[in-house]
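The values are calculated or read from the model by the stated rules, or taken from the named source; none is laboratory data. No experiment lies behind these values; they were computed from the predicted model shown. Here the Cβ is made from the backbone with ideal geometry for all residues, glycine too, and neighbour counts use every protein chain on show. When the accessible area is computed, the model is the full protein with side chains, heavy atoms only, and any ligands, DNA or RNA have been set aside. Shrake-Rupley method; radii C 1.70, N 1.55, O 1.52, S 1.80 Å.
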Amino acid sequence: DQQVKQNSPSLSVQEGRISILNCDYTNSMFDYFLWYKKYPAEGPTFLISISSIKDKNEDGRFTVFLNKSAKHLSLHIVPSQPGDSAVYFCAASARRNAGNMLTFGGGTRLMVKP
Amino acid sequence: KAGVTQTPRYLIKTRGQQVTLSCSPISGHRSVSWYQQTPGQGLQFLFEYFSETQRNKGNFPGRFSGRQFSNSRSEMNVSTLELGDSALYLCASSLSSLGTEAFFGQGTRLTVV
């Protein structure tokens, strides 16, 4: 039973345009969400996080939106750059119950074309 | 500030052997978590240690164990290795146990032959 799902295994966008990566979750206990970027054979790099008390968090070109009623979050990258090409994972935790235990989605491979 | 350091980076072991992986967290971070990444199962949580105590454990067999030392460094041990244990093992450090950003190391690529 996948509690965190990224339904798009891949996404291709043109340089300079917006990239939108989506993530759905089923566990209503999740109250903290994170996005990571990963290159092959390397550890994930933390990008941005959002607490369930917020619906939006911004950091430079990265914005995360959270829709609690739909149990859906998305990562927007504007403008997209070729260096953004990587696999993106969303992760969730139920901080009150399980502290730092992260449940990951399956990842979305983003390709940004010059 | 140094990041999370995992050693060794690569390891080849034979079925039935045991292996120990090491993780040094970011200075000041007291929580260390371990994850396994495989092509079929994705990133899966193994366990978390905070102040030398295991706080959470994922759904892995007892062959997978870990510990944390007083300086927050952590080790993970896998006994009686199986071919299916071949994976990228990732360590993440966090400032506290209250659910904060987790920063990952480069990982240890374990191959069981």
Checklist line | Against the rule of thumb 2.2 N^0.38 Å, how large the Cα Rg of chain A comes out | finding: 1.01
Note to self: Under a Cβ-only charge scheme (Lys and Arg +1, Asp and Glu -1), can you give me the dipole magnitude of the stretch A:1-92 about the Cα centre, in debye to the nearest 20?
What the structure shows: 120 debye
Check: Mind checking the dipole of the protein assembly as shown: about its Cα centre, +1 per Lys or Arg Cβ, -1 per Asp or Glu Cβ, Debye to the nearest 20?
Finding: 120 debye
Item checked: Per-pair calculated FRET efficiency, R0 = 45 Å: B:Thr53 and A:Lys113 via Cβ, rounded to 0.05 -> 0.40
Item checked: Residue among B:Asn56, A:Pro79, B:Pro8 farthest towards the positive dipole end of the protein assembly as shown, charges placed on Cβ -> B:Pro8
Margin query: Using a 1.4 Å probe on the protein heavy atoms only, what accessible surface does B:Arg9 show? Give it in Å² to the nearest 10.
Written below: 80 Å²
Notebook entry, point to check: Taking a probe of 1.4 Å, how large is the accessible area per residue of the protein assembly as shown, in Å²?
Noted result: 47 Å²
Next item on the list: Could you please state how large a percent of the accessible area of the stretch A:2-114 is carbon and sulfur, counting protein chains only and using a 1.4 Å probe?
Entry: 49 percent
Notebook entry, point to check: Per-residue accessible area for B:Trp34 at 1.4 Å probe radius, Å² rounded to 10?
Noted result: 0 Å²
Notebook entry, point to check: Ordering A:Met101, B:Met76, A:Met29 from largest to smallest accessible area (1.4 angstrom probe), what's the sequence?
Noted result: A:Met29, A:Met101, B:Met76
Next item on the list: Enter the buried accessible area of the A/B pair, total of both sides, probe 1.4 Å, in Å² rounded to the nearest 100.
Entry: 1700 Å²
Note to self: Within 14 Å, Cβ to Cβ, of A:Ser52, how many net charges do the neighbouring residues add up to if Lys/Arg are +1 and Asp/Glu are -1?
What the structure shows: +4
Checklist line | Sites A:Ile18 and A:His72 - FRET efficiency at Förster radius 22 Å, r taken between beta-carbons, to 0.05 | finding: 0.80
Check: For the pair A:Asn27 and A:Asp55, how long in nm is the line joining their label points, each one 7 Å along Cα→Cβ?
Finding: 2.5 nm
Check: For B:Thr53, what charge total do you get from the other residues with a beta carbon under 15 Å from its beta carbon, if Lys and Arg give +1 and Asp and Glu give -1?
Finding: +2
Margin query: Need one value: the accessible area of B:Thr53 in square angstrom, 1.4 angstrom probe, rounded to the nearest 10.
Written below: 80 Å²
Next item on the list: For the stretch B:7-18, just list the computed ³J(HN,Hα) in residue order, Karplus coefficients 6.51, -1.76 and 1.60, θ = phi - 60°, integers in Hz, with x standing in for Gly and Pro.
Entry: 9, x, 7, 9, 8, 10, 10, 9, 3, x, 6, 10
Check: Which residues of the stretch A:33-54 end up with at least 50 Å² less accessible area in the presence of all protein chains than when their chain stands alone, using a 1.4 Å probe?
Finding: A:Ala41, A:Pro44, A:Phe46
Next item on the list: Using a 1.4 Å probe on the heavy atoms of the protein chains only, list every residue of the stretch B:47-92 that has 40 Å² or more less accessible area in the complete assembly than in its chain alone.
Entry: B:Asn56
Item checked: Calculated FRET efficiency for the pair A:Ala41/B:Phe69, C-beta based, R₀ 30 Å, to 0.05 -> 0.65
Item checked: Solution diffusion estimate, µm²/s, Stokes-Einstein, the stretch B:1-85, Kirkwood Rh from C-alpha pairs, 25 °C, viscosity 0.890 mPa s -> 181 µm²/s
Check: In the structure shown, do any of B:Lys13/B:Lys57; A:Lys56/B:Lys57; A:Lys113/B:Lys13; A:Lys38/A:Lys68; A:Lys54/A:Lys113 have a Cα-Cα gap over 29 Å, and if so which?
Finding: A:Lys56/B:Lys57; A:Lys113/B:Lys13; A:Lys54/A:Lys113
Notebook entry, point to check: Label points 7 Å out from Cα along the Cβ direction at B:Thr111 and B:Thr7: separation in nm?
Noted result: 2.2 nm
